[in-house]
Ligand code: ADP
Ligand code: MG
């Protein structure tokens with residue numbers, strides 16, 4: 001038989017390698033920024049068009065390349081940074097594989113202009129899909145400019161696989177943040193579609209953080225400094241009261257390189273134990289310096305994971321230094337007598353109640369029972385009642401049920417009309433009504449129904465109730481807002497402002513009133529009636545992260561997104577104990593919904609178990 005093995009041509013090998021190095025535009029940004037830093041630049045400009053899909057350009061004032069090096073730089077395994085495998089253990093550059101430029105040139109249109117300081121003229125090289133189109137001498141400033149156009153032009157499948165511009169831009173900004181945070185002494189600027197997104201002067205670390213994340217960040221930073229034989233830590237953690245719903249402000253750098261480490265993240269979380277609200281994450285910006293010999297950064301092609309020789313020791317040191325800093329800066333709860341209780345229990349039902357008008361609530365309404373349930377005061381507001389549901393359900397869009405799921409509609413669930421054997425525990429029997437709901441582990445609500453029992457997930461059920469209520473306000477634009485006593489000022493970074501601006505009109509339809517908008521702050525004078533003031537920043541943060549991370553371009557409905565995001569922020573959480581009235585009200589409100597069986601994100605809200613099912617279990 002004939003031999004069948006052959007060597008892959010270079011351009012094919014490069015394309016394959018590119019699959020590892022370049023997953024998306026942000027990967028190119030990372031590689032190029034790192035190259036500029038390795039080249040000793042102290043000023044780096046990033047220009048991006050359409051979230052990097054059409055253009056990514058980096059201009060630096062680094063040492064540039066000779067004409068020969070310029071040509072060689074696009075060869076695979078061409079690097080000026082290591083010469084032998086030993087060099088890997090004393091690495092002080094970001095790159096070392098010599099793969100980035102070869103990979104990028106295999107899957108894009110690349111133009112390189114580079115000049116070394118001492119030279120009169122520079123070099124221009126144009127490459128398309130690994131093929132050199134031209135190389136000539138040009139007039140160009142010292143340093144390097146590299147443009148990458150039409151990424152994945154020759155791999156349509158990869159191109160189609162890219163996410164929406166919002167998502168891809170978010171990834172680019174993340175990479176930009178990481179590199180800019182690791183190098184406060186370097187000037188960085190970023191432009192997207194012709195407008196300036198960041199302009200970061202040379203500064204110290206604290207200023208760099210503030211310049212990236214906005215003015216309000218300054219007051220929340222608590223310094224962390226520690227030096228031991230094996231590890232030096234410097235940087236900041238955020239005060240617990242400023243913790244975020246998202247993990248966007250969590251940064252570890254090891255020897256100036258951004259890394260991800262679930263293990264070290266755990267160390268920080270454990271230092272914050274007892275100080276954080278449920279579901280929120282601490283901010284941290286921490287630089288760890290260790291002996292390069294004790295780490296291995298070679299384990300992952302994109303180099304964000306790293307192996308430490310002695311993880312346990314690092315964990316312990318990190319945890320105790322963060323704890324120490326938090327304690328020193330008086331942030332332990334014991335010392336904080338005038339802490340706002342609202343901040344500790346943001347989901348406190350009863351405090352919500354005080355802000356809630358009761359006009360729209362028909363407390364006695366129960367679609368399944370003729371007789372009235374006890375009309376005690378308390379409980380939350382369902383923003384509508386069943387009678388009106390029929391009228392407005394046709395008003396909103398995008399809610400069509402997806403069809404295939406076998407749904408259980410509330411008409412199939414028959415409630416037990418008259419619970420019988422109340423005499424067994426007659427002392428505990430309440431005056432107005434007999435108990436038909438029970439709360440299990442502050443998570444599920446169990447309700448008796450004619451055929452057996454129904455178990456509701458309290459968080460998902462409430463999300464559904466709120467979601468349909470918000471959709472109603474958003475589509476009929478009749479929201480009521482409550483005036484705030486004092487205007488609320490919130491600051492955001494310019495990237496965070498973008499989604500808020502995008503959704504401003506919709507936010508107004510839910511009842512938000514904005515008195516001013518700058519490019520980094522908003523002033524709010526009114527909020528929707530059922531939204532406590534203490535929740536406002538949480539809602540907006542949640543919204544920003546939802547817009548940035550979860551929304552595909554196609555069938556993007558701002559209204560729907562906003563309703564989902566707000567219901568997620570405001571719904572009763574797991575762990576919340578509910579009074580009987582609240583339990584019943586939640587059950588009733590859920591079944592007054594158009595689509596009670598699923599949460600806004602399409603997850604099951606309740607299940608039923610029939611007496612038959614039980615009988616089988618007891619056989
Ligand atoms: P690596 O960074 O792993 O060495 P790259 O493919 O990213 O591999 O780059 C190849 C080589 O091209 C680098 O080693 C460096 O010598 C040169 N180079 C790349 N970008 C620049 C730049 N902006 N300025 C100067 N030299 C550069
Ligand atoms: Mg490189």
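Which value does Rg/Rh take for region 63-111 over its C-alpha atoms, Rh per Kirkwood?
Details: Rg = 11.7 Å, Rh = 11.7 Å.
When Rh is taken as the Kirkwood radius, the ratio is 1.00.
Hey, with R₀ at 22 Å, roughly what FRET efficiency would residue 291 and residue 204 work out to, going by the Cβ-Cβ distance, to 0.05?
0.30
Kirkwood hydrodynamic radius, computed over distinct alpha-carbon pairs, for region 10-200: how many Å, to one decimal? Mind showing how you got there, number by number?
Values: mean 1/r = 0.0600 Å⁻¹.
Averaging 1/r across every pair of different Cα atoms and inverting gives 16.7 Å.
Quick check: residue separation of residue 54 and residue 504 times 0.36 nm, minus the Cα distance between them. What number comes out in nm? Spell out each step's value before the answer.
Details: separation 450, 0.36 × 450 = 162.00 nm, distance 2.86 nm.
Value of the extension gain: 159.1 nm.
Grab the Cα-Cα distance for residue 11 and residue 121, subtract it from 0.36 nm times how many residues apart they are, and report the gain in nm with one decimal. Intermediate results must be reported in sequence, preceding the final value.
Numbers: separation 110, 0.36 × 110 = 39.60 nm, distance 2.98 nm.
Fully extending the segment from residue 11 to residue 121 adds 36.6 nm.
Obtain the nm distance between the two label points defined at residue 159 and residue 277 by a simple spin-label model: each point lies 7 Å from its Cα along the Cα-to-C-beta direction.
Simple spin-label model gives 4.5 nm for this pair.
Of all the C-alpha pairs in region 213-328, what % are more than 17 Å from each other?
Values: 3489 of 6670 pairs.
That tail contains 52 percent of the Cα-Cα pairs.
Which value does Rg/Rh take for region 456-520 over its C-alpha atoms, Rh per Kirkwood?
Details: Rg = 14.4 Å, Rh = 13.7 Å.
Answer for region 456-520: 1.05.
Regarding region 28-84, what is the average projected area of its C-alpha convex hull, in nm²?
Working: hull surface 18.5 nm².
Hull-based average projected area comes out at 4.6 nm².
Taking only C-alpha pairs under 8 Å that are 6+ residues apart, what is the relative contact order of region 109-243 in percent? Working shown, then result.
On the way: 173 pairs, mean separation 16.8, N = 135.
In percent, rounded to a whole number, it is 12.
Quick check: convex hull of the Cα atoms in region 435-619, volume per residue, rounded to a whole Å³?
Values: hull volume 25.9 nm³, N = 185.
It comes to 140 Å³ per residue, whole-number rounded.
Determine, for each peptide in 111-121, 18-28, the mean count of other beta carbons within 10 angstrom over its residues, then list the peptides with the highest first.
Values: 111-121: 16.9, 18-28: 21.6.
Answer by packing, highest mean first, reads 18-28, 111-121.
Every number here is computed from the coordinates shown, using simple stated rules; none is lab data. Not measured: the values here are computed from a predicted model. Ideal geometry is used to build each Cβ from the backbone, glycine not excepted, and the neighbour counts take in all protein chains shown.
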